[in-house]
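These notes concern the structure reproduced below.
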Amino acid sequence: MVRKIAVQMDPIERINIGGDSTFALLLEAQARGYEIHYYTPERLSQRGRDVVATAQALRVRDVKGDHFDLGPPREIFLRDMDVALLRQDPPFDLAYITSTHLLETIGGRTLVVNDPAAVRNAPEKLFVMNFPELMPPTLITRDKAAIDAFRAEHGEVVMKPLHGYGGAAVFRLMARDANYGSLFDLFSTSFREQWVVQKFLPEVARGDKRIILVDGVPAGAVNRVPAENDIRSNMVRGGAAEATALTPREQEICATIGPELKKRGLVFVGIDVIDGFLTEINVTSPTGIRAIERTGGPDVAVAIWDAIVGKVAALEAVG
């Protein structure tokens, strides 16, 4: 039985509750009577073998501009929690990676969602490359000659940072594009790691579908339609949410990747599908719960907590 949860997230005063999936999870946790302890990543520490956090008791309500109350700060031992939610947003940098190492050492009966080692080893735009048969043609590189050859083969492409998020720095390059040289120079100086170069899918104009999988099983979806004169469908970039259902191809994609997600302990995952092609597998801090419910779909937070409760019970049974 879940009693106490800790949530590691971005500052709660800054979130947009209308679209924030962490907030949806907190609302459901509170409705179930769970005790919620909130902290931000910089308040996480390790002391010997103990992982501790300076946390505050949290109460939430679905009221814009007045959505939370916090208790006084106090130190908690994460081994005393039933569940720890790893929910801060990217960037997926060394700070993020360090937090996964700390959370990985909790041990005992505390369930971390998503599993921190799996999160660390499954960065969104690299993990998806394990399923090339489901993807559009994709290249991970920073080698100009390799990009030139890829463009010559596929024509229009999208170029984006390997560890980008929220649609930032996503560019469409035409088959013959005078901006290519300058964009290559910009990426070369801005990003030390490889980049993603992907064949452009014109059907993105009709939407980029976000599908949420819970313990490897599809639980809801929303179609995100880009704003006029933009290829990015992210709702933080002006994309519009539409009700949707899964196509047979999308069901096939979920059936293919689902067992691997479950095996890795990735309870809450959001995948992106354009025109039947898988483009990303989001495991760090997936979004979409509130948009799915707002467009007439299920409350996916319920399914996520049901899955968590089952896993906590299994831990207790062997503990």
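The values are calculated or read from the model by the stated rules, or taken from the named source; none is laboratory data. These figures come from a predicted structure and were not determined experimentally. So basically every Cβ, Gly included, is an ideal-geometry build from the backbone, and we count neighbours across all protein chains shown. Remember, those area values only see protein heavy atoms, side chains included, never the ligands or the DNA or RNA. Shrake-Rupley method; radii C 1.70, N 1.55, O 1.52, S 1.80 Å.
Quick notes on this structure:
- Output for the range 10-69, where each listed residue is within 17 Å of the chain's Cα centre (by Cα) and aliphatic (A, V, I, L, M): ILE15, ILE17, ALA24, LEU25, LEU26
- Selection count, the range 132-143, where residues are open to solvent by less than 20 Å² (accessible area, probe 1.4 Å) and either of a type in the set (A, V, I, L, M) or in contact with a Ser or Thr (Cβ under 8 Å, 6 or more places away or on another chain) (or both): 3
- Inside the range 18-49, residues that are of a type in the set (A, V, I, L, M) and in contact (Cβ under 8 Å) with a residue 60 or more places away in the chain make up a count of 4.
- Against the conditions (1) open to solvent by less than 40 Å² (accessible area, probe 1.4 Å); (2) touching a Phe, Trp or Tyr at 6+ places or on another chain (Cβ under 7 Å); (3) within 27 Å of SER182 (Cβ to Cβ); (4) not hydroxyl-bearing (Ser, Thr, Tyr), ALA146 satisfies every one except (2).
- PRO259 satisfies every condition listed in (1) in a helix (DSSP H, G or I); (2) of a type outside the set (S, T, N, Q); (3) touching a helix residue (DSSP H, G or I) at 6+ places or on another chain (Cβ under 8 Å) except (3).
- Test: residue in the range 290-305 that is closer than 21 Å to PHE131 by Cβ and either open to solvent by 40 Å² or more (accessible area, probe 1.4 Å) or in contact (Cβ under 8 Å) with a residue 24 or more places away in the chain (or both): no
- For the residues GLU316, GLU280, the requirement of being farther than 25 Å from ALA6 by Cβ and in contact (Cβ under 8 Å) with a residue 40 or more places away in the chain singles out GLU280.
- Some residue of the range 101-115 being under 16 Å from the mean Cα position of the chain (by Cα), within 25 Å of VAL309 (Cα to Cα), modelled with pLDDT of 95 or more and not hydrophobic (A, V, I, L, M, F, W, C): yes
- The lone criterion from (1) under 24 Å from THR287 (Cβ atoms); (2) open to solvent by 30 Å² or more (accessible area, probe 1.4 Å) left unmet by PRO90 is number (2).
- Flag if PHE77 is aromatic (Phe, Trp, Tyr) and modelled with pLDDT under 95: no
- Considering each residue of the range 197-204 in turn, at least one proves to be modelled with pLDDT under 95 and open to solvent by less than 30 Å² (accessible area, probe 1.4 Å).
- Exactly one residue out of ILE253, ILE231, ILE289 is at pLDDT below 95 and among the β-branched types (Val, Ile, Thr): that is ILE231.
- Within the range 267-319, the residues that satisfy the criterion of being closer than 23 Å to THR100 by Cβ and in a strand (DSSP E or B) are PHE268, VAL269, GLY270, ILE271, ASP272, GLU280, ILE281, ASN282.
- From the list ALA122, ALA152, ALA95, the one residue that fits, being without any contact (Cβ under 8 Å) to a residue 12 or more places away in the chain and more than 19 Å from HIS37 (Cα to Cα), is ALA152.
Matching residues to (1) of a type in the set (Asp, Glu); (2) buried (at least 20 other Cβ atoms within 10 Å of the Cβ):
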| site | (1), (2) |
| --- | --- |
| GLU75 | yes, no |
| ARG79 | no, no |
| ALA95 | no, no |
| VAL113 | no, yes |
| ARG151 | no, yes |
| LEU173 | no, no |
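- Selection status of ASN179, open to solvent by 40 Å² or more (accessible area, probe 1.4 Å) and at positive phi: no
- Within the range 270-319, the residues that satisfy the criterion of being hydrophobic (A, V, I, L, M, F, W, C) and within 21 Å of ASP80 (Cα to Cα) are TRP305, ALA307, ILE308, VAL309, VAL312, ALA313, ALA314, LEU315, ALA317, VAL318.
- Any hit, the range 91-105, residues being in contact with a Pro (Cβ under 9 Å, 6 or more places away or on another chain), under 16 Å from GLN8 (Cβ atoms) and assigned to a strand (DSSP E or B): no
- Residues being modelled with pLDDT under 95 and outside any helix (DSSP H, G or I) - total across the range 122-158: 2
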